[in-house]
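Before any comments, here is the structure.
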Amino acid sequence: MRIDSEQLTQHLSRGLKSLYVVYGEELLLALEAADRVRAKSLEQGFDERRVLIAESGFDWSELAMVSNSLSLFAPKRLLDLRIPSGKPGKEGSEALQHLAASLPADTVTLITLPGIDRQGQTSKWFEALDKAGVAVHAAAIKRDHLGPWLASRLAQQGQQADAQTIEFLIDRVEGNLMAAHQEVQKLALLFRAGALPFDEVKNAVVDVARFNVFEIGVTLLKSDRVHFVRMLDGLQAEGAAAPLVLWAIAEEARAMARVKTAMAAGRPLAQALRDARVWGPRQDLMPAALRRLTQGQLIAALRHAANVDRIIKGLASGDAWDALLQLGLELMNPSPQGRAAANRGKIGAGTRG
């Protein structure tokens with residue numbers, strides 16, 4: 001059984017299971033989820049706690065020994081197994097599958113892992129644990145969902161923020177949820193319960209945003225120019241490699257060009273997106289981008305990308321980051337045909353400021 005970390009509190013209110021596997025990319029949410037399981041276990045009388053850390057050289061036979069031994073100090077206990085690498089190896093895989101098949105009595109087993117990729121989630125040991133217990137995913141919170149998360153955290157400490165304040169906070173803490181949590185806690189210390197004053201919040205919150213180069217594609221497809229400029233500034237300040245940023249921008253142009261070519265050959269949009277390996281949020285956003293841009297614009301952008309590559313390598317004159325900015329903006333500028341189609345689709349809707 002798999003649930004999101006935000007669903008865990010409600011799940012625990014209905015009772016405690018014998019096995020929990022907490023995994024995910026968002027460290028703060030993973031730590032909070034594991035703490036909730038520990039607190040619920042203690043509340044339910046699981047007073048003894050045994051911690052095992054499966055680092056390099058860990059003897060996996062110790063897991064079986066601890067699982068099979070009787071508690072000397074309390075009738076119920078919590079077995080807290082941590083696997084920092086997320087890769088137990090062959091011996092660990094077998095031990096975890098055996099554990100899942102014969103969970104110890106009067107014991108809550110908590111296993112914590114880092115983010116697990118798709119291949120890891122289809123491994124025999126992970127599927128065995130998932131089937132035997134509850135897998136709690138601490139998924140990274142993207143920008144689109146960060147506003148509700150911030151509002152919820154503020155509400156927990158009796159504070160509210162208007163849309164302007166929430167948007168300001170998003171810009172300052174995006175991609176750094178641990179720091180976002182600290183900034184929210186700081187607001188509880190600085191301001192009373194109730195509505196937060198924007199001007200004072202603006203002076204109090206530190207810019208701790210961190211940007212992921214692999215999120216550039218989504219920003220381009222959304223045609224969010226303001227956020228794209230902010231991302232590039234942040235990535236440059238963080239020392240991101242310009243060639244990697246170029247790859248992320250050019251890859252989006254290549255994907256759109258492949259989809260347009262396939263559709264021109266008569267393939268349905270859904271098939272063209274699959275063939276171009278466009279999945280997840282990009283799959284939902286790309287159709288609008290395809291209407292906005294012509295094939296000629298995409299080909300021109302790819303030629304522009306080749307010139308940016310020469311600038312990065314020092315083979316042509318120019319500032320690499322300025323060139324990356326212009327390339328990205330080029331992919332967000334609609335063609336005359338695309339602009340007309342977009343306007344027809346936005347009758348009565350507001351436009352971005």
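The values are calculated or read from the model by the stated rules, or taken from the named source; none is laboratory data. Remember, it's a predicted structure, so these values are computed and weren't measured experimentally. All Cβ positions, glycine included, derive from the backbone under ideal geometry; neighbour counts span all protein chains shown. Each accessible area value is taken on the protein alone, full model and side chains, heavy atoms only, with ligands, DNA and RNA left out. Shrake-Rupley method; radii C 1.70, N 1.55, O 1.52, S 1.80 Å.
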Accessible carbon and sulfur surface of the chain relative to its total accessible area, %, 1.4 Å: 53 percent
Coil-residue trypsin sites (Lys or Arg not before Pro) of segment 6-112, DSSP, other Cβ within 10 Å capped at 10: Arg14
Along each principal axis, Cα extent of segment 143-205, largest first, Å: 27, 21, 18
For the chain, alpha-carbon Rg relative to the globular expectation (2.2 N^0.38 Å, N residues): 1.21
√(5λ) per eigenvalue of the Cα gyration tensor, segment 178-247, largest first, Å: 31, 13, 10
10 Å Cβ shell holding at most 16 others, DSSP loop, GluC sites (Glu not before Pro): longest site-free stretch of the chain: 56-237
Gained length - Ala241 relative to Arg210, 0.36 nm times residue gap less alpha-carbon distance: 9.7 nm
Proximal aspartates and glutamates relative to Lys17, as straight alpha-carbon distance under 13 Å, when same-chain residues fewer than 8 apart are discounted: Asp106, Asp130
For segment 248-342, accessible area per residue (1.4 Å probe, heavy atoms of protein chains only), Å²: 51 Å²
Principal-axis tilt of helix 89-101 within the chain, Cα atoms, nearest 10 degrees: 60 degrees
Angle between the chain longest axis and helix 143-156 axis [Cα atoms, degrees, rounded to 10]: 50 degrees
Whichever aspartates and glutamates have a C-alpha closer than 13 Å to that of Lys124, once near sequence neighbours (fewer than 8 apart) are set aside: Glu91, Glu94
Cα-based helix-to-principal-axis angle, 295-312 vs the chain, degrees rounded to 10: 70 degrees
Length-normalised contact order for segment 120-234 - Cα pairs under 8 Å, 6+ apart - percent: 24 percent
Average accessible area per residue (Å²) across segment 60-189 - probe 1.4 Å, nucleic acids and ligands excluded: 49 Å²
The chain: calculated mean residue ellipticity at 222 nm from DSSP helix runs of at least 4, using -39500 (n - 2.57): -18000 deg cm²/dmol
Those lysines that a straight Cα-Cα span of less than 21 Å connects to Lys222, excepting residues fewer than 8 apart in one chain: Lys142, Lys260, Lys346
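What per residue convex hull volume, in Å³, do the alpha-carbon atoms of segment 251-321 yield?
Working: hull volume 7.4 nm³, N = 71.
It comes to 104 Å³ per residue, whole-number rounded.
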For segment 213-339, alpha-carbon Rg and Dmax in angstrom: 14.4, 44
